[in-house]
């Protein structure tokens, strides 16, 4: 399933589900008379039937063996009608994996619901070990780095910056695989392409990519990465082809000097490379890895685009003001669309029907109907249009000389019709004022295909706009860096087959885990179980870790509460004499965090007295500069605080994560 046709924002959907559940935990307890039917076979397949729906859960190691820590596994949920057995598509389930919690048999479902409610709050202390619904913003910076932002998490109104990825040089362009597992970033000054693993958000390889690599593009089957080499030397200018699975260079084609844009036939048979200085289009047979034809396409070709509908390649020439239509199979000129000087970027809608080419001089978006190769519209858009992207319903056009983003309603297009154009402002200033803009787009389609993220490089903010709104709904500041572009890294469950939702994930540490599952309609919350085996011979303790003591029961608002934690070393023995331990705690989702020193009381146990002034879910992080950042990120717990008048007999929810 294409990632741009997946259900709407999971965060919004799950927020609706939370409202249905009720924010107060007392409303989350299920009726003990509710009948549950769950079974498990020897292969680890779990089944739950309730409210006319059957959910089957399965986690299998990719290598066919047992689930082991650090290995990759396929997690699958099959959702079907309980009576007919027919698959239920478009259900948009949510799922989380977290260490199993002990609970009385009758309270397991209640505990599961309480935990799901915490996860839905999307706050820093309430995060599961693995979130199968998450998405992240990967921001391309002006300096040699990328920033990872979690848009669903904030504390005190400050966006959560998850990570910073260092690069060997300043980035220019990037391309993500369809499954969002890898991102390839061009580094012109180093002649390299950096490979980013989005499972860990780390740079895992740096590949040689020829002279001045700028544009990067993945062919449709994802097997090869094509890199445009913008050398002034015709012998070094062209494209470098990199094999994605082996991360090795296959071949370099010298097609000419100048800038190169790259397009592909939908079957990954041919690559089409424009050569700006030479005024030509190079046609390369991908299977045979050979240059089969060079076609004259005008004095200054600026863009190349492919339409699956017309099976043709379209080359826009800025100096001549024409768009040449070339048959993708015969490589013969089919038609020439005549327009005006100033033509630049060109793209097609996802169905291949409408091609849009921007005219920077005329401040227009020209629309070509691929079914007739006829120019049917000249649409006024934001000043100096330079970037273009499509959702299923709209074309978004970004202006270089204006903060405005123009939206063209695709359903209003057609010969003889009047296009509907709307717009919104993404930030206070025109992108031109920032200078030093890369090739990478500041427009990125969100995972629901009904919204976009727009980077304003002037105020260093990425704006989120949902279709139907008058203005962006929110903005994410890139603190400490200067944002230039952003893409969405989607980790949510995908519908792999009718009614089958899944993802490939890396298994965390060994142990017993709960896999919490949420369905919105009908509303089903249930925790399946799975075991992850240890790697033979591996140490059980990879570093110091914290064990929280005495927070299994809820606390009362305004009552004294002493947080106690035991610090154990990598040998399992208590760590004594730590002088820099502190406890950072806050009320979810947005209170300002407070910090207190942890005082040693003996046998590796440290404590601090907390002021819990409000009811709700409080989150506690243990920090220590001497034990490192990872220790601070991984050692936290949650504590439920009841209103002062509430009975203390209510069962609470607490969790401890190493």
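The values are calculated or read from the model by the stated rules, or taken from the named source; none is laboratory data. None of these values were measured; they are calculated from a predicted model. No Cβ is skipped: glycine too gets one built from the backbone with ideal geometry, and neighbour counts run over all protein chains shown.
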Say we look at region 578-603 and pick out the residues that are over 15 Å from residue 623 (Cα atoms) and assigned to a loop (DSSP other than H, G, I, E, B); which of these is modelled with the lowest pLDDT?
590
Give region 337-371 a look and list any residue that's at pLDDT 95 or above and touching a helix residue (DSSP H, G or I) at 6+ places or on another chain (Cβ under 8 Å), or say none.
349, 354
Hey, could you check region 542-558 for residues that are more than 21 Å from residue 604 (Cβ to Cβ) and in contact with a strand residue (DSSP E or B) (Cβ under 9 Å, 6 or more places away or on another chain) and say which is surrounded by the fewest Cβ atoms within 10 Å (Cβ to Cβ)?
553
Quick check on region 633-649. Is at least one of its residues farther than 25 Å from residue 115 by Cα and modelled with pLDDT under 80?
no
When (1) touching a residue at least 60 places away in the same chain (Cβ under 8 Å); (2) buried (at least 22 other Cβ atoms within 10 Å of the Cβ); (3) over 15 Å from residue 307 (Cβ atoms) are applied to residue 385, the one that fails is (1)
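A quick yes/no check of all residues on (1) assigned to a strand (DSSP E or B); (2) within 12 Å of residue 139 (Cβ to Cβ); (3) in contact (Cβ under 8 Å) with a residue 60 or more places away in the chain:
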site: 411; (1), (2), (3): no, no, no
site: 479; (1), (2), (3): no, yes, yes
site: 487; (1), (2), (3): yes, yes, yes
site: 492; (1), (2), (3): no, no, yes
Taking the criterion of being closer than 23 Å to residue 509 by Cα and surrounded by fewer than 21 Cβ atoms within 10 Å (Cβ to Cβ), would at least one residue in region 604-617 satisfy it?
no
Please go through region 167-202 and give me each residue that is part of a strand (DSSP E or B) and modelled with pLDDT under 95, ordered by number.
197, 202
Testing residue 69 on (1) crowded, with 18+ Cβ neighbours inside 10 Å; (2) under 30 Å from residue 551 (Cα atoms), one condition comes back false. Which one is that?
(1)
With the structure loaded, tell me whether residue 466 is surrounded by fewer than 20 Cβ atoms within 10 Å (Cβ to Cβ) and touching a helix residue (DSSP H, G or I) at 6+ places or on another chain (Cβ under 9 Å) or whether it fails that test.
yes
Residue 205 - would you say it is within 17 Å of residue 288 (Cα to Cα) and at pLDDT 95 or above?
no
